[in-house]
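Here's the structure we're looking at; comments come further down.
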Amino acid sequence: MELKNNFETIFDAIKTPSGLVSFIFDVLIISVFLYKILEWTKETRAFQVMKGIGLLFLFSILANVLNLRTIYWILNSTLAGGSIFIILFILFTPEIRRMLGRIGSNRLSKLLGGADETESRRIVMDLKRSILHLSKRRVGALLVFERRSGLGDIAATGIPLNAEISGALIENIFEPNTPLHDGAVVIRGTTVVAASCLLPLSDDTKVARELGTRHRAALGVSSVADCVVIIVSEETGAISVAREGKLIRFLDEKALNDHLEGLLIRDDTAFVLPWKRQKKGAEA
């Protein structure tokens, strides 16, 4: 009966032109909102839970249509009560923080803060040489490039540096048996904000078992913050990049250069998939 009354209210509202326009706008806004939530939470734990909540809503409507009062009352009480949202907020704080950060983030100007392209390319070449040198020597490294959402909370776990970025500085930081080599560096524009920072580890059970703590940390921080992480494996020397909880492994020199240019020159998404990179090279 309650569902029938709701439908009758909707039909009464759309009988007039103004009511129909308002109804269409309501549907469009809700559709876009739900689509964006699903897009932002895709491939996270929250996405699975949201599908479960959606099924509960469908069961609630079905129970009302079939006049299953007890089931409808239980489902309606569960969904209508604020307790379910409190539980979801506690369980999925990282996903919610990431989603809200993406909603509230504004497109920034270039990360280099006004540096000319010649200087930017010099920095890219310098960083690329140092990362390749670390890779050749099999020295582990973890570089977190801040993007639209701040990483102040991550930087606060390490040792503040606030130094101009350079290849020599990066190599010195990650040199084995030095005070700052263990942990990650946080880079904001052309500044190394902090070193020896602690990162949240990914708890994704789908992550390959051969990946070590560095790769799990890169996946973890890139899942909860808008950042790009470059990883050098201590075991194999392989170079990888992580963004939005996804990992691309075994980057060659060209791929590494593309990502660094995307971060420090173009300020674009800088997550070039292998097949897109090949297509781009073919077009050139």
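Listing for the model above:
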{"quantity": "Unique residue being assigned by TED's automatic domain parsing to the domain that holds Ser149, surrounded by 22 or more Cβ atoms within 10 Å (Cβ to Cβ) and not in a loop (DSSP other than H, G, I, E, B) when the list is Leu256, Leu260, Leu199, Leu247", "calculated": "Leu260"}
{"quantity": "Flag for Thr157 being out of contact with any helix residue (DSSP H, G or I) (no Cβ under 8 Å at 6 or more places or on another chain) and more than 22 Å from Leu251 (Cα to Cα)", "calculated": "yes"}
{"quantity": "Subset of region 230-244 (residues that are hydrophobic (A, V, I, L, M, F, W, C) and within 11 Å of the chain's Cα centre (by Cα))", "calculated": "Ala242"}
{"quantity": "Some residue of region 53-71 being under 30 Å from the mean Cα position of the chain (by Cα), aromatic (Phe, Trp, Tyr), assigned to a helix (DSSP H, G or I) and at pLDDT below 65", "calculated": "no"}
{"quantity": "Residues (under 17 Å from Phe174 (Cα atoms) and surrounded by 15 or more Cβ atoms within 10 Å (Cβ to Cβ)) located in region 202-237", "calculated": "Arg214, His215, Ala217, Ala218, Val229, Ile230, Ile231, Val232, Ser233, Glu234, Gly237"}
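The values are calculated or read from the model by the stated rules, or taken from the named source; none is laboratory data. Remember, predicted model here, so these are calculated numbers, not experimental data. Ideal geometry is used to build each Cβ from the backbone, glycine not excepted, and the neighbour counts take in all protein chains shown.
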